[in-house]
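Asker: Below you will find the structure I want to go over with you.
Values in this text are rule-based calculations from the coordinates and carry no lab data. Please read these numbers as outputs of a predicted model, since none were measured by experiment. Cβ placement follows ideal geometry from the backbone for every residue including glycine, while neighbour counts extend to all protein chains displayed.
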Amino acid sequence: MILQKFPDHDTLSQHTAEHIAELIIQKPNALLCLASGDTPIETYHRFVDLVKAGKVDISQCTFVGLDEWVGFGPDDFGSCSYYVFRDLFNPLQLRPDQIHVFDAKASDLAAECAKIDAVIRANGGLDLLLVGMGMNGHIALNEPGTPFNLGCHVSQLAESTITVGQKYFNKETTLTQGITVGLRHLAEAREVILLVSGEKKASKLREALTGPITNEVPASILQTHPNGLVWVDEAAGKLV
């Protein structure tokens, strides 16, 4: 694991966008799994700018959605995939065959987990996993207590996740479960980037990076990853 601090969110975002572009230049058929949420939005906007400027060719890449609220899909405002499509997939004008996301409205969620597991396996594992960290230390929708060896699975959402998740919706929304790429995929990914921004995450980030490696703080798994990159702005990194 390597920790790197950036002076502000804009610098963090530009660096991350350029890094993703460079990875694709080195491996044009890369398999990337990219988070939704507030933190990476500016990274995606800047990455889209690089693609549109002809700096990188994404025509051979494959993209996997990281997670989703059970019962929601790309057309539902507030869903995880809604934002990834809005900020990344649609502006990049990706072909449908380049995109693999969970159908969190499906009647057979276990089959959806098996589907994404199979995509990752067929491509030889993730070349890049880009994630954020929740206020309770979760990674994707791997909540505290989730075993590190799970692949894709359905999770019961923690109360704090349900509360924070309301900010993505325009009205009070019932959230109970998530469907998510598992921490086994993180451990097996060739490279993982954890992006953390903002002072409110500083205390939990310190716990994740300097405390015990435990599934009670899922982000602590980054300590074990040989190519784990923890990139933070000054506010988030003030305690580490």
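Asker: Give me the one-decimal Kirkwood hydrodynamic radius in Å for the range 167-234, with the sum taken over alpha-carbon pairs.
Answerer: Computed over the range 167-234, the radius equals 13.8 Å.
Asker: Separate question: Skipping prolines and chain starts, which residues have an amide H placed within reach, meaning under 5 Å, of the one on LEU126, given they are 5 or more residues away or on another chain?
Answerer: ARG190
Asker: Where does the charge balance sit around ALA111 when Lys and Arg score +1, Asp and Glu -1, over other residues with C-beta under 12 Å from its C-beta?
Answerer: -3
Asker: Continuing with this model, one more query. Relative to 2.2 N^0.38 Å, what does the C-alpha radius of gyration of the range 23-65 come to as a ratio? Two decimals please. Spell out each step's value before the answer.
Answerer: Details: Rg = 10.7 Å, N = 43, 2.2 N^0.38 = 9.2 Å.
That works out to 1.17 for the range 23-65.
Asker: Same structure, new question: With θ taken as phi - 60° and the coefficients 6.51, -1.76 and 1.60, list the Karplus ³J(HN,Hα) couplings across the range 93-100 in order, rounded to whole Hz; mark glycine and proline as x.
Answerer: 6, 5, 6, x, 6, 8, 10, 10
Asker: How many percent of DSSP beta bridges within the chain run antiparallel, rounded to 5?
Answerer: So the antiparallel bridges in the chain amount to around 25 percent.
Asker: In the chain, which cysteines lack any other cysteine Cβ under 4.7 Å from their own?
Answerer: Cys with no partner Cβ under 4.7 Å: CYS33, CYS61, CYS80.
Asker: Ok, one more. Would you mind checking the radius of gyration and Dmax of the range 117-184 based on alpha-carbon positions, in Å?
Answerer: 13.3, 40
Asker: Using the Kyte-Doolittle scale, which helices in the chain average at least -0.5 and also have C-alpha atoms spread 18 Å or more along the helix axis, with helices defined as whole DSSP H runs? All intermediate terms of the calculation are to be shown ahead of the outcome.
Answerer: Values: long enough: 9-26 (26 Å, -0.26); 109-122 (20 Å, 0.94).
What comes out of the filter, once short or polar helices are dropped, is 9-26, 109-122.
Asker: If you don't mind, another one. What residue among VAL232, LEU88, PHE77 has its Cα farthest toward the positive end of the dipole of the chain, where the charges are +1 on Lys, Arg and -1 on Asp, Glu, each on the Cβ?
Answerer: VAL232
Asker: When the dipole is taken about the Cα centre of the chain, and only Lys, Arg (+1) and Asp, Glu (-1) are charged at their Cβ, what size is it in debye, to the nearest 20?
Answerer: The dipole of the chain has a size of about 240 debye.
Asker: Rg/Rh for the range 91-240 to two decimals, with Rh computed the Kirkwood way over all alpha-carbon pairs.
Answerer: Rg/Rh for the range 91-240 comes to 0.96.
Asker: Same structure, new question: Please turn the phi angles of the range 156-164 into ³J(HN,Hα) values with the Karplus equation 6.51 cos²θ - 1.76 cosθ + 1.60 (θ = phi - 60°), one per residue in order, whole Hz, x for glycine and proline.
Answerer: So the J values, rounded to whole Hz, are 8, 6, 6, 4, 5, 5, 4, 5, 5.
Asker: Can I ask one more? For LYS167, list the lysines whose Cα falls under 23 Å from its own Cα; do not include residues on the same chain fewer than 8 positions away.
Answerer: Qualifying lysines at Cα under 23 Å: LYS105, LYS200, LYS201, LYS204.
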